[in-house]
Structure formats: C-alpha cells, structure tokens
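Below: the structure, in structure tokens.
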Amino acid sequence: MDAHTDGRSGRPTAGRTGRTTPLPGRGVGRRSLATLLCGALAAGGLAAAGVVALEPGAASASSHREAPLISGQPQYDNTDVYAFVSPDKPDTTTLVANWIPFQEPAGGPNFYTFAEDAQYDLHVDNNGDAQSELIFRYTFRTHTKNENTFLYNTGPVDSLDDPDLNITQTYDIDLIKLHRQKLVSKTKLADDVPVAPSNVGKASMPDYGKLRSQAVYKLSNGSTTFAGQADDPFFLDLRVFDLLYGGDLSEVGRDTLKGYNVNSIALQVPNDMLTESKEQPVVGIWSTTQRKDARGHWRQVSRLGNPLVNEVVNPQKDKDRFNASAPWDDAQFLKNVTNPELPKLIEAIYKIDAPDEPRDDLVDVFLKGVKGLNQPPSVRPAEELRLNTSIKPAATPKRLGVLDGDNAGFPNGRRLTDDVVDEALQVMEGELVGSKNDLGDAVDANDKKFGGSFPYLAEPTAGSRGATAKTDGTSVRNQLGDALNTSGVGGGSDTTLIVTSAAAGAAGFLLIAMALVWWRRRTRRTYY
C-alpha cells in the first residue's frame, strides 16, 4: 500500500492503467446566529465502536484549521469533503476533497503544492459498517526544470507541458479494495497525471481555463480525475469565533473564505463502481491524509467527513485524537453529539432556548443517515458523509437541501451549492424536534459561480486579482517612470541612464558585501 516515492520526472502523461495485484434566502436581518458552525457540526459526533484499525497507523494532528496540530501542517489539512450525484451525468457520483486552507492567491514565489510525503485518501463505505471497502489513493511528485531560478514560472505559460512552467506536479491513483480492513487488491488506475498549477496571475497564465481543462483526465475504467488549485467552494462567516459575534448580529454576512483558494482532488466514478449493489445504493464518504513519521511509518494526521465537525462539536481535548481516528471507533466521541456545547453558548448569549438533551435527533440524522433516504440497512453509527446514489439530481437545487424538500442535497451527500452552515445550525437548534427556526449566517452562496461539468469547482482567484494601486506621485513606481522618461545627464539616452544607475547600484551593493565579509572574518568565533 505504500505510495511511489521515486524522483521520476519528464513530460506528464495520462499514464498506464488497470494493473491489479491480488493480495491476501435569507438576509442579515434574519436570526442569523453565527454562522454555524454549529452545525457543521452536528455531524460531529460520532458513534460506534470497535474493529481492528486499518493499515496506516494513527497519529495525531481537519476543516479549516480546526485542530491544534493540523493547523500548523496546511499541506496535510483536509478542509472539506463533497459527494453528490453528478448533475450532468447521473449515472456517476462526484467526490471532491480539498486541502491547504486560506491560500493567498499572490503567495509566491513558493506557490501551493501537494505534499510528496503524503497519501491523500478518499474512503468509501458501501455497506454501512463504518469501514472502508474502497480507498482511492492519490500520491504526488514534484518536478523542477530549472533550480537556478526562484521563479515558479519563467515566462507566460500556455500549457501544462510548457517549458516556462518551472515547478510542476504529477500524481498516481491507486484503488485499494478491503474486506473487514484486510487488503484484497490494489489496482493502479493512473500514473503521472499532471496537476493544474497555482494561478500565479494574468501575466504568467493568460488563459488559466485552458490549463484547467488540460488537467481533467479520463481513466480507462470510466472515471474522470482532476487535481489542482481551485477557488475555495465553502462559503460562511467564520468570525463566529469572536464570541459568537459578541452578541452583535449586525456584523454577520461576510464570506470569510472569499478570495482564498485551496488545492482540490476531484474524482467522478460510475455509481456501480462505488455501491455494494443496486439494492443498496447508499455509500458513506470521508477523506484522510497520511504522512510518514520519523521511522518511515504512515500515520493518519487528518480526517474529514461532514463539515465543521472537529471545529465546533469536538472540544479541544478531542480534536487531535479525532483526526487520528477512524469511523468504526467513533463511540468515543458520541457524547459530543448528544450533549453539544454550541446550543448552550447560543442560549447564554442570545437567550434562545437550547433543545433538551440527550440529542438523539442529531445522532439519527448525522451519524446514521435519514431513515428512508440515506440510511443503509444495519448501519453502524459513524461520522461519514452519506449519499444515496439512486436519488436523481434536482433540476433546481435548493440551498437548504433536505430541510427545504430537496432530497438530493445535504445531509444526503453534499453539493457545492448546499448551505451546510444554515442547514446544520437549524437542525442543531431543534428544527427536527419542534423548535422551528430560521437561523443562519447570512452567507447564502459562494462568491464565484460553479461550473456545469466536471470538476464543477470554480477556477482559483489569480494572484493578479486586484487593480493597480493608486499612487501619490512619490512611489518607487512613479520615480522609475520619471527616470524612463527623462534624458540622462549631459544629454545621455534613457538607456544610458538606466544602465548607469543599475551599475552604480550593483557597485554599491558589492562594496557593502565586501565590508560585511571583512567584518565577519574579524569577529568569527566557534559555536558549539
């Protein structure tokens, strides 16, 4: 199950496939309570117990910076998971998982890459036992054409194999089949597939859409894959952590994630590849990240199914442990769901009564699935994103999903357009036990429009997103402009002036450098 870690380089190709190795609407004025988060939550809890742990070991350390350890490891931090029946291809299901939160688009010169010492896994539980029957494993390699430059790209990039794209990545996909956590087979679905690069800016990547389309690859088994940068599709007002807005709801309604990017993995798979049978079309989805420790062993450092579980459902003492755990061992976190903290905080600050505990309604909806909709038979309660693949996509999706009568939406899977914050918050505050409410964070849609075909994600915001800053006439830009438009001393040309100025600057720098070297030799001492 180990990923490839060699240093192969060269022009990316779609790769070889099929090698199998058998082995033993609502505005700010509504009671918008703070985002959410809560909701997300609900999902959190978790449930049942037992079973032997799967192969990769657990370690410690996912949504946006939700646990202490993973917040310092963004390349391994899984921010969100989505699973939905593909709207334009209803015989397939699309899985999306994102990593590296809060990417500043202009964050060069070292832009955003997947980690090479990580296994990025998409898990599928197709019989409701809280264990993986299928794992789609993505592993990445980084290639550098010219190590003698600090540039990510050395000129305008026209294609993924453009010589001017200095830093590139490729990836492999392995399909791992398990039975009761025992390895059955491992199949190479693809290798050396190119990754869509970070969107440096319009000067570097004048047609980013073209690069995005070149990173969409069809596989021999009928699946389609994509990996690369994308606009962060999650929309919400995260400032709820300022003590639930300090009781001032006039501050809600700003999309905290607007303008930030993430690294995404998207996989579109025929439904009959994912499900146990036509009679059992419900699947549970979650993602994990594993990283090699100092001894070379794989350790799970991030885990995510439903949104925001680890951020607002689990207390500090459980966050790192949750990221290192597996769904079949979720009984240890059950109390966090049946006795959630958030409704109590809302009651204390906004005087909205918290529903009575224990919250069995949250267990039924978020840990088992809705009976008759997305609950598999003989289900074992666990924190998974559950999707009934037999439910056809809605012609006009409703942002509140099942709460608004749209059974193709959250918590039946999660579409990019689902307002999971408002949905989960309303359920957390008792929507299903008679406490009707209209809570939300007043952020009802993403700032960018999603696509109508795979990978559906909006293109990432470019590093050159802003307009040129205005100047007051004294900026370096302005002074440089003056130099370019002024004759040199003694009638010299513009070019002479520029060259002379550059030479003088270089000479001054050299003199300073020589002085520093002399000083260091005079003061050198040995350190132990």
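The values are calculated or read from the model by the stated rules, or taken from the named source; none is laboratory data. Small disclaimer: the values here were computed from a predicted structure and weren't measured. Here the Cβ is made from the backbone with ideal geometry for all residues, glycine too, and neighbour counts use every protein chain on show. Keep in mind that these areas ignore ligands, DNA and RNA; they rest on the heavy atoms of the full protein, side chains included. Shrake-Rupley method; radii C 1.70, N 1.55, O 1.52, S 1.80 Å.
Values as computed for the structure displayed
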| item | result |
| --- | --- |
| Of LYS177/LYS449; LYS258/LYS319; LYS89/LYS368; LYS145/LYS448; LYS258/LYS398, those spanning more than 24 Å from alpha-carbon to alpha-carbon | LYS177/LYS449; LYS258/LYS319; LYS89/LYS368; LYS145/LYS448 |
| Within the accessible area of the stretch 297-414 (1.4 Å probe), percent carbon and sulfur | 51 |
| Most to least packed among 434-441, 410-417 [average Cβ atoms within 10 Å] | 410-417, 434-441 |
| Accessible solvent surface per residue of the stretch 244-335, calculated while the other protein chains remain in place, 1.4 angstrom probe, Å² | 38 |
| Solvent exposure of the stretch 343-409 as accessible area per residue, Å², 1.4 Å probe | 48 |
| Spin-label model distance (nm) - VAL433 vs GLU116, 7 Å beyond Cα toward Cβ | 5.2 |
| Using alpha carbons only: equivalent-ellipsoid semi-axes of the stretch 357-458, gyration tensor based, whole Å | 23, 18, 11 |
| Sites SER220 and THR149, calculated FRET efficiency, Cβ-Cβ separation with R0 22 Å, nearest 0.05 | 0.05 |
| Signed unit charges on C-beta, dipole axis of the stretch 225-285, positive-most listed residue LEU274, LEU244, VAL262 | VAL262 |
| Accessible surface, the stretch 118-231, averaged per residue in Å² (probe 1.4 Å) | 33 |
| Along each principal axis, Cα extent of the stretch 74-165, largest first, Å | 53, 31, 23 |
